[in-house]
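Participant: Have a look at this one before I ask anything.
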Amino acid sequence: MTIHLTALHIYPVKSLGGISLKHAALTARGLARDRRFLVVDPDGEFLTQREYSQMATVWVDVEDDILTLAAPDLDAVEVPLSPGKQPTRKVRVWNSVVDAHTVSADADRFLGDYLGKPCHLVYMPEDSVRAINPDHARPGDMVSFADGYPLLLTSEASLADLNQRIVANGSQPVPMNRFRPNLVIGGVESGAEDGWQAIRIGDAEFRFAKPCVRCQVTTTDQASGEVRGPEPLATLATYRDSPKGVYFGQNLIPTKLANIRVGDEVTVLA
């Protein structure tokens, strides 16, 4: 059976809604336009669905050079996808402190009104470099505002296996968007990706960094913003536990940049 790419997703603003694509350019930080924007509090600390599950229900669209944000009962707001020179401030994502540009007072008000707290939308410019954890990276590896790595890969078979177990436990299956992957593959057995070290998708190549440890965001319905736990974490804990937590999916680092598209063949290199 041929392994192939079945879905591509980007999340232009960390923790807000995602966008499904037919094709995408691969950059050193991950897929183009993925998580280059971030929502922070007035102190520059990042905000995510972990604390504000309603962030899932902020709809995001990209058209031409415009990023549009929309949410229930609020007027949509538009900002440039590549803001020009703007004031710079320090922001924090986990243990990383990086330079970011302020974006738009209108976007700040929109997000503040929806989340019920003062906040700001910021952008990672090209000259702002956020390094990856050196335990799993090589010199020059970088990442956007994603949690820690440029890309997340999951497989359809691994989700099907998980959902079979969840249903057997008396709960409802979960969709793939609970895991917010960038790359979804088909044509493999459940868990096959756990044993890979490197792959090629089309002309692009990737190195596997580490399994992705999952948090409570996976218990949030990405359509409604409702926290529906304990699944899928409860079932994952029965067969995919580790000293650092339960895991699902693999974190990837690009090693050869190229455009990729849904339907591309996936070749296991190591």
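Read the figures in this text as sums done on the coordinates, not as results from a lab. Because the structure is a prediction, the values reported are computed rather than measured. Cβ placement follows ideal geometry from the backbone for every residue including glycine, while neighbour counts extend to all protein chains displayed.
Participant: Mind checking which residues of the range 25-65 are without any contact (Cβ under 8 Å) to a residue 24 or more places away in the chain and out of contact with any Pro (no Cβ under 7 Å at 6 or more places or on another chain)?
Facilitator: Residues satisfying the conditions are Ala32, Asp43, Glu51, Glu63, Asp64.
Participant: Inspect the range 226-242 for any residue being under 27 Å from His23 (Cα atoms) and out of contact with any strand residue (DSSP E or B) (no Cβ under 6 Å at 6 or more places or on another chain) and give the result as yes or no.
Facilitator: Scanning the range 226-242 turns up no residue that is under 27 Å from His23 (Cα atoms) and out of contact with any strand residue (DSSP E or B) (no Cβ under 6 Å at 6 or more places or on another chain).
Participant: Check off (1) within 18 Å of the chain's Cα centre (by Cα); (2) assigned to a loop (DSSP other than H, G, I, E, B) for Pro139 and give me the number that stays unchecked.
Facilitator: (1)
Participant: Those residues that are crowded, with 20+ Cβ neighbours inside 10 Å and either assigned to a loop (DSSP other than H, G, I, E, B) or of a type in the set (S, T, N, Q) (or both), I need them from the range 105-124; list them, please.
Facilitator: Answer for the range 105-124, where residues must be crowded, with 20+ Cβ neighbours inside 10 Å and either assigned to a loop (DSSP other than H, G, I, E, B) or of a type in the set (S, T, N, Q) (or both): Cys119, Met124.
Participant: Still on this structure, I have one more. State whether one or more residues within the range 161-182 are in contact (Cβ under 8 Å) with a residue 24 or more places away in the chain, assigned to a strand (DSSP E or B) and farther than 30 Å from Asp99 by Cβ.
Facilitator: no
Participant: Among the candidates Glu78, Glu51, which residue alone is acidic (Asp, Glu) and under 27 Å from Leu159 (Cα atoms)?
Facilitator: Answer to the selection: Glu51.
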